[in-house]
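Read-outs throughout are calculated quantities, based only on the coordinates presented, and are distinct from any laboratory measurement. Quick caveat: nothing in here was measured; it's all calculated off a predicted structure. Heads up, the Cβs are rebuilt from the backbone with ideal geometry, glycines too, and the neighbour counts pull from every protein chain shown.
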Amino acid sequence: MDSDKLLGEFLRARRELIVTDQVGLPQSGYRRTPGLRREEVAMLAGVSTDYYIRLEQGRERHPSDRVLHALARVLDLGPDATAHLHELAHPRPRRLENAGLPDQVRPELLRLIRSWPRTPAIVTSRRMDVLAANQMGDALYDRLEHRDNLLRLIFLNPFSHLFYRDWEESARSKVAQLRAVAGAGLDDPYLTELIDELSFKSADFRSLWARHDVSTESLATRRLRHPDVGNLTLAYELFTIGGSLGQKLIVFQAEPGSPSAHALDLLGSLSTPASS
C-alpha cells in the first residue's frame, strides 16, 4: 500500500458516498460514477477544480487546515473521520521499534478481568489479535475458528454470520476501527500483512475497506447467537489501555434481569469446571 496515495484514496471514497441531495445540489442527468463529481466538491469547498484533482491524484500533499476543514464539511465527515483526514494530510512519524515484539498484557490487568465471574472480557492488540481473555470471554467465543483475531473471525469464518446477528454492522465497525488504528501509518509491516491477507481472502473486507470509514467507537450494542445459550444482546465497551502500544480492553455486559443476563449466567455455569 502506497501511503503517499492514502489522502487521495480517502477523498475519492468519501466523495463517492455523498449524494447531491445531502449538499443541496440538484440532480443533473446521468452519472457514470456514484456520489459527487470532483468539480462539485471543489466548488462547495471553495477551491479550484484543478487543485482538488491534484489532491485526489496525490500531486498536492500539503493542503492547509482551512481547505481540510472545508472538505470535511462538504464530505460530511464526523470527528473521527475529520481527524483521520488531517492525519493523512499531515502524517506524523510513528515509533514502530516495538511493532514486531509480542504484546504483553500487564499481570494487574489479567488479575482484574479474571476476577469478573459473570462478565466476558478480552484484551486485544492494535491489530485486534486476542491477547488475553477471562473465563467468560473464552466461553463467549468458544469453538469459533479464527478466534485469535477478531478481524479474521468475522471475515474468514463463514459461521460468523450466524454468531454476529448484525453481521454487517459489526463488520463495518471493526473495519472502521482498523482504519482509525492504521491512520497514515501503513509502514507497520504486521498491520499491512493483516490487511493484505484479508483483502486477498475476503470480498466483504475489500468492499468495506474501500469505503474508508473511520471510527473510534467505544460503546455499542452487540447482538450475538451463541451455540449453547442462544441469543444475546450485550453492551460492548472498549477501553484504551495506557502505555500498551494500542491494546484495548473489551467488556460485554447484559441488562440486569434481561433474558441475555440469564443466558450469561447459564454460559457461566456451563464454562465453570465441575468440582471433583
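With one equal scatterer per alpha carbon and no solvent term, the Debye-computed log10 I(q)/I(0) for the chain at 0.07 1/Å reads -0.31.
For the range 132-181, the list of trypsin sites (Lys or Arg not before Pro) that fall in a loop by DSSP and count at most 16 other C-beta atoms within 10 angstrom reads 143, 165. Can you tell me which aspartates and glutamates have their Cα less than 19 Å from the Cα of residue 248? Leave out same-chain residues fewer than eight positions away. Within the straight-line cut-off, residue 248 pairs with 80, 103, 108, 129, 138, 148, 188, 217, 237. Extending 7 Å from the Cα toward the beta-carbon at both residue 262 and residue 238 defines two label points whose distance is 3.2 nm. In angstrom, the C-alpha Rg and Dmax of the range 191-244 are 15.3, 37. In a shell of Cβ-Cβ distance under 12 Å around residue 214, excluding residue 214 itself, what net charge do Lys and Arg (+1) and Asp and Glu (-1) give? With Lys, Arg at +1 and Asp, Glu at -1, the neighbours total 0. Between the beta carbons of residue 73 and residue 143, assuming R0 = 45 Å, the FRET efficiency works out to 0.40 to the nearest 0.05. Per-residue 3J(HN,Hα) values for the range 111-123, derived from phi via the Karplus relation 6.51 cos²θ - 1.76 cosθ + 1.60 with θ = phi - 60°, read 4, 4, 5, 6, 8, 9, x, 10, 10, x, 8, 9, 10 Hz in sequence order (x marks Gly and Pro). Diffusion coefficient (Stokes-Einstein, Kirkwood radius over C-alpha pairs, 25 °C, 0.890 mPa s) for the range 118-186: 193 µm²/s, rounded to a whole number. Taken as Cα centroids, the range 247-270 and the range 143-209 sit 24 Å apart, rounded to the nearest whole angstrom. Bridgeable lysines around residue 201 (alpha carbons under 19 Å apart, same-chain partners fewer than 8 residues away excluded): 174. The label-point distance for residue 19 and residue 203, in a model that sets each label 7 Å from Cα toward Cβ, rounds to 2.5 nm.
Charged side chains reduced to their Cβ positions (Lys and Arg at +1, Asp and Glu at -1) give the chain a dipole of some 220 debye around its Cα centre. In order along the range 167-173, the Karplus-derived 3J(HN,Hα) couplings, from 6.51 cos²θ - 1.76 cosθ + 1.60 at θ = phi - 60°, round to 4, 4, 4, 5, 5, 4, 4 Hz, and Gly and Pro are given as x. Note: relative contact order over the chain, using C-alpha pairs below 8 Å and six or more positions apart, is 17 percent. Cα gyration tensor of the range 103-258, axes a ≥ b ≥ c as square roots of the eigenvalues: rounded (a/c below 1.5), prolate (a/b > b/c) or oblate? Verdict is oblate for the range 103-258.
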